[in-house]
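Below: the structure, in structure tokens.
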Amino acid sequence: MSDKSLIEAALFVAGKGVSLKDLEKLTGLEQAVLKDILEQIQQEYSQRDSGIMVEKSENSYVMRVKPEFEEKIMPMIPETDLSKSMLKTLALIAHEQPIRQTVVVRLRGNRVYHYIHQLVELGFISAKPDGRTKLLSTTSKFREYFRVDDVKKEITRVEGPKQVTLDIPLESEEPPGAGTGIQESQ
């Protein structure tokens, strides 16, 4: 078994980014050697007519489907373990980040405390103390899992110039007659 084959197998089974530190533990190779091997693997996948690519993502390497095949194979991808309610909560956080937890609760109801807790445990969002509430943002795991770098840019790309914006003050009280706070702009 070659080191290159072992690294390729590790990238395949991980299903997520694998850090150089993890590959170093697995193979016992120095990071400089690992980088060379990973570049070779990247090159091989880019040169062959493959539906798979190896990509450097922040501080890790990930094996994934090439973007041109994603839409066609979408029906083959297993469903996520996230419920629709959790996904809606995550989408709101991703779109409006950083966003205060109190705003999310105001928009989605008290049940989101449970979803936020689960999303933090899963590593998709971070919750940093901000006064008597928390400031919620997505993490690198979210960007890697959903394959997006900038959520707002992706929404604009898909929807065009039409964007949904929240018109909610970040203070603890809404101004009189604020309604739902969701407005659509063109």
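Read-outs: derived from the displayed coordinates by stated rules, not from any lab. Please read these numbers as outputs of a predicted model, since none were measured by experiment. Here Cβ is always computed from backbone atoms with ideal geometry, including for glycine, and neighbour counts include all displayed protein chains.
With a simple spin-label model that places each label point 7 Å from the Cα along the Cα-to-Cβ direction, the separation between residue 32 and residue 71 comes to 4.5 nm. Computed on the range 3-75, with alpha-carbon pairs under 8 angstrom and 6+ residues apart, the relative contact order is 32 percent. Here residue 25 and residue 48 are evaluated by their C-beta separation; at R0 = 35 Å the FRET efficiency comes out at 0.75. For residue 66, the residues whose amide H sits under 5 Å from its own are 52, 53, ignoring neighbours fewer than 5 places away on the same chain, with H placed 1.01 Å from N. Backbone amide hydrogens, once placed in the peptide plane, bring residue 57 within less than 5 Å of 62, excluding anything fewer than 5 places away on its chain.
Among 41, 99, 125, 73, rank each residue by its count of other Cβ atoms within 10 Å, from fewest to most, as a rough exposure measure.
Working: 41 18, 99 21, 125 24, 73 10.
By the 10 Å Cβ count, ascending: 73, 41, 99, 125.
Projected label points at residue 84 and residue 40, each 7 Å from Cα along the beta carbon direction, are separated by 5.0 nanometres. Given the C-alpha centroids of the range 89-107 and the range 5-21, what is the distance between them in whole angstrom? With the range 89-107 and the range 5-21 each reduced to a Cα centre, they are spaced 33 Å. The count of lysine pairs in the range 3-75 that are at least 8 places apart or cross chains, and whose C-alpha atoms lie under 25 Å apart, stands at 19. Couplings 3J(HN,Hα) of the range 45-59, computed from phi: 5, 6, 7, 8, 7, 10, x, 10, 9, 10, 10, 8, 10, 6, 9 Hz, in residue order, whole Hz [Karplus 6.51 cos²θ - 1.76 cosθ + 1.60, θ = phi - 60°; x for Gly and Pro].
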